[in-house]
Amino acid sequence: MVLNKEFFDLPTGMIYLDGNSLGPLPRQAKARVAEMMQDEWGAQLIKGWNVAGWMAQPSRVGDRVGRLIGAPEGTVVMGDTLSVKVYQAVAAALNMVPERRVILSDSGNFPTDLYMVQGLIQSLDRGYELRVVAPEDVADAIDDTIAVVMLTQVDYRTGRLHDMAQLTECTHAAGAIMIWDLAHSAGALPVDLESCGCEFAVGCTYKYLNGGPGAPAFIYVRKDLADGVEPVLAGWLGHDAPFDFDLDYRPASGIERMRVGTPPVLQLSALEAALDVWDAVDMSELRAESIALQEIFIKEVEARVPELALASPRDAAQRGSQVSFAFENGYAAMQALISRGVIGDFRAPDIMRFGFTPLYIDADDVRAAADHIETVMRDRLWDDPAFLARQRVT
Ligand SMILES: *Cc1c(COP(=O)(O)O)cnc(C)c1O
């Protein structure tokens, strides 16, 4: 049993099916941040960098995240946002295969990953091409013109899961570099980066890892490569000796070179406390419970609300930790659900998305959510001007 509702400060009565977008507040994170403000920032001021270990936080927390994704110690470091980490990984990867010009990704990827590559290509101005194919066509599109394959394991809209081991193997057989985005994987399902063998992985910590809004991203570089990768964002804290204040950049050894600037200490403190819940969690048990919850949800919703069409793979082994249904008035229907305390979200054009996190969701919550969905749909509660007006964040 991985259920640990007490760990989280969830509003009473709320059924939170959106931990795939923003995890809830861990009680210990609240306490830890308050304490950090008082005892460290407040009392220590600048001494905190040494006395409270702020400077070592990015790699210390990186190691803890690493344990959840099968990354050995010293291969993961925290910082920046995922968009920036994508840029760093792709830029470093391109330099490892200088004779090739194509970056391959898929149309199920989250747009910022594609945008960052588009921007990078433009600034490099060396004739690179971003090739985007349908998720199911990725394996066939990997050939020896490809420099880098950049994929997100779990599709943010449908929850469709890529086979990391198989696609990494194809990529390596073609002589290309593999980058995995684990945004919807870290804390959602077992990941074994070491055995997968990919060169790079990136991900964020405000989704399933519950680090809070704006929590920093992570980047993984395979151990044998870390001393050789070129950190294109050559910030002072990725320098070998930042406090020598050399005029020329010289990368730090190992994963530290993927640091850029000052770490977000408050956010890292929140994340560090949030990670405590994982100390006792077995990822394969979590995965089994996540699947069990998803199966109940699909069965209940389909039995009661036939007008919602399953937009996720039916086979649980092909899904991450979310279930999506397509409905043309999905935005309004989700707003109606939110007004009743069932929190999911909406992804254009018509996806109603529900995340399943067995740390704080149980089977009763899932059945209660299905009751609300049935009521909203049966009584057309979504058909209300208050629910039809789109807000900025959906
Ligand atoms: C959530 C998510 C992001 C978000 O990037 P930020 O820079 O943290 O805003 C990027 N990529 C993927 C695949 C995501 O799911």
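The values are calculated or read from the model by the stated rules, or taken from the named source; none is laboratory data. Just so it is clear, the structure is predicted and the values come from calculations on it, not from any experiment. Here Cβ is always computed from backbone atoms with ideal geometry, including for glycine, and neighbour counts include all displayed protein chains. Note: accessible area is taken over every heavy atom of the protein model, side chains too, but ligands, DNA and RNA are not part of it. Shrake-Rupley method; radii C 1.70, N 1.55, O 1.52, S 1.80 Å.
List of remarks:
- Placing a pseudo-label 7 Å from each Cα along the Cα-to-Cβ vector at residue 249 and residue 60 gives an inter-label distance of 2.8 nm.
- Take every pair of alpha-carbon atoms less than 8 Å apart whose residues are at least six positions apart; their mean separation over the length of segment 116-260 yields a relative contact order of 14 percent.
- For the set 124, 94, the ranking by accessible area, highest first and with no ligand, DNA or RNA atoms included, is 124, 94 under a 1.4 Å probe.
- Considering all different alpha carbon pairs of segment 15-165, the Kirkwood hydrodynamic radius works out to 18.5 Å.
- Computed with every protein chain present, the accessible area of residue 177 is close to 10 Å² [probe 1.4 Å].
- Note on residue 265: accessible area is roughly 20 Å² with a 1.4 Å probe, heavy atoms of protein only.
- Length added when fully stretched, residue 339-residue 44, from 0.36 nm per residue minus Cα-Cα: 101.8 nm
- Over the chain, the reciprocal of the mean inverse Cα-Cα separation, the Kirkwood hydrodynamic radius, stands at 21.9 Å.
- Under 5 Å, built H, 5+ apart or other chain: amide partners of residue 15: 342, 343
- Where GluC sites (Glu not before Pro) fall in DSSP loop in segment 86-168, at most 14 other Cβ within 10 Å: 99
- When only Cα pairs below 8 angstrom with a gap of at least 6 residues are kept, the chain shows a relative contact order of 22 percent.
- Here's the list of lysines a cross-link from residue 30 could span, going by alpha-carbon distance under 19 Å and ignoring same-chain residues fewer than 8 apart: 5, 207.
- Qualifying chymotrypsin sites (Phe, Trp or Tyr not before Pro) in segment 160-248, DSSP loop, other Cβ atoms within 10 Å at most 10: 245
- Expected 222 nm ellipticity per residue - DSSP helices of 4 or more, -39500 (n - 2.57), all of the chain, to 500: -10000 deg cm²/dmol
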